[in-house]
Structures are given as C-alpha cells and as structure tokens.
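Working notes for the structure below.
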Amino acid sequence: MTVDPQSPTGPDSPQTYENTLLPATRRALTHRVAVGQAEGRTPSLVAAVVRDGRPVWTGSRSMIEGHAPAADTQYRIGSLTKTFVAVLVMRLRDEGRLELTDPVARHLPDTDGADGAVGVTIGQLLAHTSGLASETPGPWWERTPGALRPELADILGPDPAKHAPGRHYHYSNPGYALLGAVVEKLRGMPWGEVLATEVLRPLGMDRTTLLPQAPAAGGFAVHPWADVMVPETVQETGRMAPAGQLWSTAADLSRWAGFLAAGRDGVLSAGTVEEMRLPAAPPQAVDPDGGYGLGLQLLRRNGRQLVGHTGSMPGFLAALWVSVEDGTGALALANCTSGPAVSAVAADLLAITVEAEPVFPAAWRPAEDIDPTLLELAGPWYWGTSGFALRVRAGGELHLAPLTGQGRGSRFHVEPDGTWTGREGYYAGETLRVVRRGDGSLSHLDLGSFVFTREPYDPSAPVPGGFPGWH
C-alpha cells in the first residue's frame, strides 16, 4: 500500500504502517517507551517513528492500564511551535515579502523605539542570535493569561537586549512572538489562521490546533519527591503564542517529521527546508553537541546529526528529531511538567530503528537525460597542484570532491543564468562559472576566483600569477 502521509488523503494514524518493522524492533521501541514512562514518572507517554516520510510505528504507555493514548490524542507541544512559525517566515522570504537581513522594525514599526531591539534582523530572531531576553518581563508568561501582555511592548519590556545582535546564541521566546507578529502584519490575518491555511491543511495536519480539541491529554505537575500529582492550568498565551501555543498529535507530528526532512511543493521547497537545517548559530560551550538553524534545533547524538525541536509548557513535554541521512524521524510526547527525558526517548527510538533496520540505499540508475555540455565538465580538474573530481549526478547536480580526501568539496546546483551555486562547506553560496574560449572550447572553471584547469597549472589557462609550464 502506497500512501502519501503528508496529503489530506493519507492515513489517519501511523498504525497503518506498524507492521513494516520487524517484531524485535517493535518490541525494543515499545520497551523504550515503557522505560521512559516509568522512569520519568509521567501519567502517559506516546511516541512514533517515521521512515521516508511515512509513519511506521507508534507506541504509548499510561498510568492507567488499558487507557494508553492513541496516535490521535492531542498534547501541547510547546516550543515545537517555533518550527511552524519559522516555516511561515521562510514562505514570506521565498515570496520576496521580506529578507532575513531585514531589521524587524521595518515590518513592525512599534518595535523601532524599543531599546535594544533596534537593528535586530529577521534572521537573527529565527536563529536566536538577536540578543533579546529569553523571557518576557513580569510574571511567567507560560502560567499567566496572555491578556496581561496585550502589546508587543509588553513582551519586550524596557530592557530587552541582553547581548549585542548577531554575537551570541541566546534563546529568546519573545523573539518568536515578534516573528509571529511579522507574519500577521504581512499576511493581514492572525498567524494561527495563516498556519492552518498555508501549512497544516496542505499537509493534512487537521489535529494540530491553537487550543485543545478532544481527545486531548490533560497536563499534570508530578511532585519531584513523592508519587502524587495535580492538574496544571492551561493558559492562552496571547502575543506569546508563536513561542509555544500549539497542540498536536503523534500522527500529525509524524507528517511534520517527514516534511522537515524533505519539504513539500506548495508549502516550502526542499531547498528552503534544507537551508533551515543548516547551522545558523554556533554550539554553546555548555552544549557542544547542540546548535540551531533557522527555527530548528540541531543535535549530534550517537554519531548522527539530528534536526528538530524540543518543547515544554506547564503540564507537557515534547521532542521531535529527524536524521535526514537515515531517512528516519522519531517523536515523544508526555503530559507532565518535568520528569521524562522526552528528547532522549525520541533520539533513542530513532537510533533503535536505524541500528536494527538500516535503510537500504536507493538503487543506482542512470540518468534519463543529461545535457552533453555537462558531460564535458565531468572528470579530473586541478586547482594549482591539487586534484579534484567533478561528477555529474542524475538531475544535473554537480559534485566537486578532492581526489586525495584532502581539500574542499561541495555540491552545486544550477542557476537560471547558467552559473552554479555551492550548497555546502567552504563553497556554500559561492558561484561556479564555466569559462570557454572564443572558439567555444572549454578553458577552465572559475570558482569564486579560484581557477580549476584540466592539467596542474595548465599553461594555456589564465592561472593567476602566470605559469611558464612544467620542466
């Protein structure tokens, strides 16, 4: 059965694909959830695994026998909300409505006079490098009504700047409230309506909402030193909603994991989602395996690069991680304020799946049609005396790699003007040009002023500084 789980006609629950994993793998996954629920002392925990965009397993455990949550049960997802807001902002960027280098005050004039917010850019807000405060002034925003902070000035306060913009990674919840306000300003409607129209409905995520809809788990505070608990109050967070308001399900977040791995035409292109996954803020000394992209947390765990996000709100914890290289994602949701290590649970579920059942690589197939002028570029090239191989992949992408393993390589994608742009590493964003002689024959490659020739220091090519030839 082949179904696109990101379309409105996809499966209602990840259980559609549960039998695609081996029994031993399913048992190991179920055991990890059981341990996470018991050791974390959470009323319930629900989890899911996704492969190649399709949910392949769900599991749950509850304090009440026979009442484990289903894949359709809503939990509050906290800061996972930020990944959705970031997608809305990147859609505006791709449409030309804003640039990541724009000062936020260009779109929100009300912030122009906020001391410390002047000069902060959209991109810095996405990457938490704006230097703005982590939290709002006044009472804890997660546990008090949003009506206490009706205006943007109320979430910034008189002294929002804690660091110079662009200098440090400093997580800022008010920063994402500003991004939500930018979306509202440019779209002319509440950000939640924009999200539902532009993202959730196209992906078939009809159980992801601003407010809980039954069936939904209740949130609890579990006493740290005694096995007792009390209900947490659910607050509407108003202006701060873009920082952590959303509710979702294991089924819907399975779709979201697939989207964060591959994008979706009509929502956000694969290239833009890949851009969001790239590091935009450095790891901190206290967390060398972490990092942050554009709205996405980065994590190095068990030798794998993971992208996704964690989330917490009073009564709830959430985590979602994706390994793009392994084509696998995993998530975990719990309904208590603290206790279960949901980030570790999700990462472990992903590792269990990948290690027990490694993904088979796609079968190699020849390209259906490659431009002959690209074939002319394939083969060895030299930058000075350093040898490189240029390969032409199916789809027309170019791969440049050092022959000895020492040196700089990159993938390149073609631009409308016939030049090529690097996608990673030292050459990310740099332009590769094919230079021909007057008679049309191939002369050399120009990569950001570096001249690549068919022979080491080819005397017939315009090598900077000149070269008399080998003797």
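Scan (1) free of Cβ contacts under 8 Å to residues at least 60 places away in the same chain; (2) within 21 Å of residue 86 (Cβ to Cβ) for the single condition residue 225 breaks and write down its number.
In the conditions (1) free of Cβ contacts under 8 Å to residues at least 60 places away in the same chain; (2) within 21 Å of residue 86 (Cβ to Cβ), residue 225 misses (2) alone.
With respect to residue 73, is the statement that it is over 18 Å from residue 195 (Cα atoms), β-branched (Val, Ile, Thr) and more than 19 Å from the chain's Cα centre (by Cα) true?
Values: over 18 Å from residue 195 (Cα atoms): yes; β-branched (Val, Ile, Thr): yes; more than 19 Å from the chain's Cα centre (by Cα): yes.
Answer is yes for this residue.
Cβ-Cβ under 9 Å, sequence separation 6+ or interchain: first residue in the range 177-200 and at negative phi and among the aromatic types (Phe, Trp, Tyr), partner in a helix (DSSP H, G or I) and open to solvent by 30 Å² or more (accessible area, probe 1.4 Å). Which pairs?
Listed pairs, sorted by first residue: 191/184.
Would you pick out the residues in the range 299-325 that are within 23 Å of residue 273 (Cβ to Cβ) and surrounded by 20 or more Cβ atoms within 10 Å (Cβ to Cβ)?
Answer for the range 299-325, where residues must be within 23 Å of residue 273 (Cβ to Cβ) and surrounded by 20 or more Cβ atoms within 10 Å (Cβ to Cβ): 299, 306, 307, 308, 309, 311, 318, 319, 320, 321, 322, 323.
Assuming residue 234 fulfils every condition listed in (1) modelled with pLDDT under 95; (2) under 28 Å from residue 323 (Cα atoms); (3) not polar (S, T, N, Q) apart from one, which condition is it?
Only one criterion in (1) modelled with pLDDT under 95; (2) under 28 Å from residue 323 (Cα atoms); (3) not polar (S, T, N, Q) is unmet by residue 234, namely (2).
Those residues that are in a helix (DSSP H, G or I), more than 29 Å from residue 152 (Cα to Cα) and not small (Gly, Ala, Ser), I need them from the range 257-278; list them, please. Walk me through how you get there before you give the answer.
Going residue by residue through the range 257-278, those that are in a helix (DSSP H, G or I) are 257-262, 270-277.
From what's left, more than 29 Å from residue 152 (Cα to Cα): 257-262, 270-271, 274.
The answer is 259, 260, 274.
Given the criteria open to solvent by 40 Å² or more (accessible area, probe 1.4 Å), touching a residue at least 24 places away in the same chain (Cβ under 8 Å) and not hydrophobic (A, V, I, L, M, F, W, C), does residue 408 qualify?
On the way: open to solvent by 40 Å² or more (accessible area, probe 1.4 Å): yes; touching a residue at least 24 places away in the same chain (Cβ under 8 Å): no; not hydrophobic (A, V, I, L, M, F, W, C): yes.
In short, no.
Given 123, 146, 138, which one is surrounded by fewer than 24 Cβ atoms within 10 Å (Cβ to Cβ) and farther than 26 Å from residue 234 by Cβ?
123
I need the full set of residues from the range 224-243 which are open to solvent by less than 80 Å² (accessible area, probe 1.4 Å) and in a loop (DSSP other than H, G, I, E, B), in order please.
Passing the criteria: 226, 232, 234, 235, 237.
Which residues, taken from the range 384-399, are within 15 Å of residue 412 (Cβ to Cβ), open to solvent by 60 Å² or more (accessible area, probe 1.4 Å) and not aliphatic (A, V, I, L, M)?
Filtering the range 384-399 for residues within 15 Å of residue 412 (Cβ to Cβ) gives 388-399.
When the remaining residues are screened for being open to solvent by 60 Å² or more (accessible area, probe 1.4 Å), the result is 391, 393-395.
Scanning the range 384-399 gives 391, 393, 395.
Filter the range 273-297 down to the residues that are among the aliphatic types (A, V, I, L, M) and open to solvent by 20 Å² or more (accessible area, probe 1.4 Å) and list them by number. Write out each step before concluding.
Residues of the range 273-297 that are among the aliphatic types (A, V, I, L, M), as a first pass: 273, 276, 278, 280-281, 285-286, 294, 296.
278, 280, 285, 286 - these are the residues of the range 273-297 that are among the aliphatic types (A, V, I, L, M) and open to solvent by 20 Å² or more (accessible area, probe 1.4 Å).
Tell me which residues, restricted to the range 339-377, are open to solvent by less than 40 Å² (accessible area, probe 1.4 Å), assigned to a loop (DSSP other than H, G, I, E, B) and under 25 Å from residue 407 (Cβ atoms).
Within the range 339-377, 377 is the sole residue that qualifies.
Considering only the range 427-445, state which residues are within 40 Å of the chain's Cα centre (by Cα) and among the polar types (S, T, N, Q).
431
Kindly indicate the residue of the range 151-209 that is open to solvent by less than 40 Å² (accessible area, probe 1.4 Å) and in a loop (DSSP other than H, G, I, E, B) and also farthest from residue 133 (Cα to Cα) among those meeting that condition. Spell out the reasoning first.
Initially, the range 151-209 is screened for residues open to solvent by less than 40 Å² (accessible area, probe 1.4 Å), giving 152, 155-157, 160-161, 172-183, 186, 191-192, 194-196, 198-200, 203-205, 207-209.
Pick out the ones that are also in a loop (DSSP other than H, G, I, E, B) and you get 157, 160, 172, 203-205, 207-208.
Values: 157: 9, 160: 5, 172: 6, 203: 33, 204: 35, 205: 32, 207: 32, 208: 28 Å.
Only one residue tops the list, namely 204.
Give the residue that is nearest to residue 274 (Cα to Cα), with candidates limited to residues of the range 413-433 that are of a type in the set (Val, Ile, Thr) and open to solvent by less than 50 Å² (accessible area, probe 1.4 Å). Reasoning before the result, please.
So the first thing to find is which residues in the range 413-433 are of a type in the set (Val, Ile, Thr), and the list is 414, 419, 421, 431.
From what is left, the residues that are open to solvent by less than 50 Å² (accessible area, probe 1.4 Å) are 419, 421, 431.
Numbers: 419: 20, 421: 15, 431: 19 Å.
Result: 421.
Tell me which of these residue 19 doesn't satisfy, since it passes every other one: (1) in a helix (DSSP H, G or I); (2) modelled with pLDDT of 95 or more.
(2)
The values are calculated or read from the model by the stated rules, or taken from the named source; none is laboratory data. Quick caveat: nothing in here was measured; it's all calculated off a predicted structure. Neighbour counts run over all protein chains shown; Cβ positions are idealised from the backbone, glycine included. Just so you know, the surface numbers come from the protein's heavy atoms only, side chains and all, with ligands and any DNA or RNA stripped out. Shrake-Rupley method; radii C 1.70, N 1.55, O 1.52, S 1.80 Å.
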